[in-house]
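The values are calculated or read from the model by the stated rules, or taken from the named source; none is laboratory data. Since the model is a prediction, treat every value here as computed from it, not as a measurement. We place every Cβ from the backbone using ideal geometry, glycine too, and count neighbours over all the protein chains shown. With ligands, DNA and RNA removed, areas are computed over all heavy atoms of the protein, side chains included. Shrake-Rupley method; radii C 1.70, N 1.55, O 1.52, S 1.80 Å.
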Amino acid sequence: EPEVTQTPSHQVTQMGQEVILRCVPISNHLYFYWYRQILGQKVEFLVSFYNNEISEKSEIFDDQFSVERPDGSNFTLKIRSTKLEDSAMYFCASREDGAGANVLTFGAGSRLTVL
Amino acid sequence: AQSVSQHNHHVILSEAASLELGCNYSYGGTVNLFWYVQYPGQHLQLLLKYFSGDPLVKGIKGFEAEFIKSKFSFNLRKPSVQWSDTAEYFCAVNVHNAGNMLTFGGGTRLMVKP
C-alpha cells in the first residue's frame with residue numbers, strides 16, 4: 001500500500017535554530033498538508049499546498065514557517081527560528097484529486113524537540 | 001469555524017467488551033466525517049469515513065460509526081474489542097466543498113486489557 005514517508009523521525013534542536021522536516025507524499029497525490037500535535041493536545045492543521053502554492057493556512061502558520069516542493073517529490077516544512085513551543089509531532093499528509101478525494105493519507109510523523 | 005469534541009479522553013476496557021467513543025461537531029452545514037486511529041508508534045490511519053448516504057458506515061477491523069445529523073454526532077462503535085485495538089482514536093470533520101482542512105477532536109486513548 002502506498003505510504004507517505006517522513007524524515008527525520010525525531011529531531012532535537014536548540015532554540016533559534018532552523019529545522020527542515022521532509023515528506024515524500026504518495027506519487028499520484030496532488031494536495032499536500034502539514035499538521036502538528038503538541039504533546040497532549042489536538043492534531044492541528046498548519047497548511048495545505050496545491051499546484052505549487054499554499055492553498056490554506058492556519059493562524060499557527062506564521063512567518064517562521066514555510067513550505068516548498070523543491071524537486072517535485074519532496075514536500076518540506078521549514079521552521080526558520082525554532083521556539084520551545086514548536087516542540088511537537090509534525091504530520092505530513094497527502095490526498096489525490098477527484099471524487100471522494102477528501103481522504104488524507106498521513107505519514108508516521110516527525111517528532112521535533114526544541115531545547 | 002467548526003470544532004470537534006471527543007468527550008472520553010481515556011477509556012479502559014477488557015477484551016470482548018463493547019466500545020462506543022463519542023464524537024460531536026459544531027457546524028450547521030454539510031460535513032464529511034472521519035475516524036482515524038493511531039496505533040502506538042505508528043501513523044494516523046483511516047478507520048472509516050462518511051460523506052453521504054447511509055448514516056451507518058462500516059470501516060476496517062470491525063468498526064462502525066453512525067452519523068446522527070440531529071445530534072451533530074458521529075460515534076464510533078465496535079461490538080467486541082481486542083487487545084490489538086489499543087490505540088488513540090481521532091474524530092475529524094471536513095466541511096463539504098469548503099477547502100481542505102480537517103478539524104480533529106482531541107483524541108481518545110483506548111487501552112484494552114487482555
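Within the range B:9-22, how many residues are surrounded by 14 or more Cβ atoms within 10 Å (Cβ to Cβ) and closer than 24 Å to A:A108 by Cα? Please lay out each step first, then the result.
Within the range B:9-22, the first condition is being surrounded by 14 or more Cβ atoms within 10 Å (Cβ to Cβ), and the residues that meet it are B:11, B:13, B:17, B:19, B:21-22.
Then drop every residue that is not closer than 24 Å to A:A108 by Cα, which leaves B:11, B:21.
Within the range B:9-22, residues that are surrounded by 14 or more Cβ atoms within 10 Å (Cβ to Cβ) and closer than 24 Å to A:A108 by Cα number 2.
Can you confirm whether B:K78 is more than 11 Å from every other protein chain (Cβ to nearest Cβ), more than 18 Å from A:R95 (Cα to Cα), in contact with a helix residue (DSSP H, G or I) (Cβ under 8 Å, 6 or more places away or on another chain) and crowded, with 19+ Cβ neighbours inside 10 Å? Show your work before the answer.
Details: more than 11 Å from every other protein chain (Cβ to nearest Cβ): yes; more than 18 Å from A:R95 (Cα to Cα): yes; in contact with a helix residue (DSSP H, G or I) (Cβ under 8 Å, 6 or more places away or on another chain): yes; crowded, with 19+ Cβ neighbours inside 10 Å: yes.
Judged against the criteria, B:K78 is a match.
All but one of (1) in a loop (DSSP other than H, G, I, E, B); (2) in contact (Cβ under 8 Å) with a residue 40 or more places away in the chain hold for A:G40; which doesn't?
Of everything listed in (1) in a loop (DSSP other than H, G, I, E, B); (2) in contact (Cβ under 8 Å) with a residue 40 or more places away in the chain, A:G40 misses just condition (2).
Any residue at all in the range A:44-53 that's buried (at least 19 other Cβ atoms within 10 Å of the Cβ), within 9 Å of chain B (Cβ to nearest Cβ) and of a type in the set (G, A, S)?
Scanning the range A:44-53 turns up at least one residue that is buried (at least 19 other Cβ atoms within 10 Å of the Cβ), within 9 Å of chain B (Cβ to nearest Cβ) and of a type in the set (G, A, S).
Is it the case that B:C23 is out of contact with any Pro (no Cβ under 8 Å at 6 or more places or on another chain), modelled with pLDDT of 95 or more and within 22 Å of A:S58 (Cα to Cα)? Walk me through it before giving the result.
Details: out of contact with any Pro (no Cβ under 8 Å at 6 or more places or on another chain): yes; modelled with pLDDT of 95 or more: yes; within 22 Å of A:S58 (Cα to Cα): no.
So B:C23 does not fit the description; no.
Among (1) closer than 23 Å to B:M101 by Cα; (2) more than 17 Å from the chain's Cα centre (by Cα), which single condition is B:Q2 missing?
Only one criterion is unmet by B:Q2, namely (2).
I'd like the residue in the range B:25-44 that is over 25 Å from B:K69 (Cβ atoms) and without any contact (Cβ under 8 Å) to a residue 12 or more places away in the chain and, out of all such residues, is nearest to the other protein chains (Cβ to nearest Cβ).
Within the range B:25-44, the subset over 25 Å from B:K69 (Cβ atoms) is B:38-44.
Filter once more, keeping what is without any contact (Cβ under 8 Å) to a residue 12 or more places away in the chain: B:41-43.
Values: B:G41: 8, B:Q42: 6, B:H43: 4 Å.
The residue in question is B:H43.
Could you please give the count of residues in the range B:84-102 that are within 20 Å of B:S5 (Cα to Cα), modelled with pLDDT under 90 and either surrounded by fewer than 21 Cβ atoms within 10 Å (Cβ to Cβ) or of a type in the set (S, T, N, Q) (or both)? So that I can check it myself, show each step before the final result.
Step one: of the range B:84-102, the residues within 20 Å of B:S5 (Cα to Cα) are B:87-96, B:100-102.
If we keep only those that are modelled with pLDDT under 90 as well, we get B:94-96, B:100-102.
Add one more test, that the residue is either surrounded by fewer than 21 Cβ atoms within 10 Å (Cβ to Cβ) or of a type in the set (S, T, N, Q) (or both), and what stays is B:94-96, B:100.
Residues in the range B:84-102 being within 20 Å of B:S5 (Cα to Cα), modelled with pLDDT under 90 and either surrounded by fewer than 21 Cβ atoms within 10 Å (Cβ to Cβ) or of a type in the set (S, T, N, Q) (or both): 4 in total.
For residues in the range A:54-97 being in a loop (DSSP other than H, G, I, E, B) and in contact (Cβ under 8 Å) with a residue 60 or more places away in the chain, which is least open to solvent (accessible area, probe 1.4 Å)?
Restricting attention to the range A:54-97, the residues satisfying the condition of being in a loop (DSSP other than H, G, I, E, B) are A:58-64, A:69-74, A:80-83, A:87, A:96-97.
Retained after the next criterion (residues that are in contact (Cβ under 8 Å) with a residue 60 or more places away in the chain): A:80-83, A:96-97.
Working: A:R80: 110, A:S81: 45, A:T82: 3, A:K83: 66, A:E96: 92, A:D97: 78 Å².
In this case the residue turns out to be A:T82.
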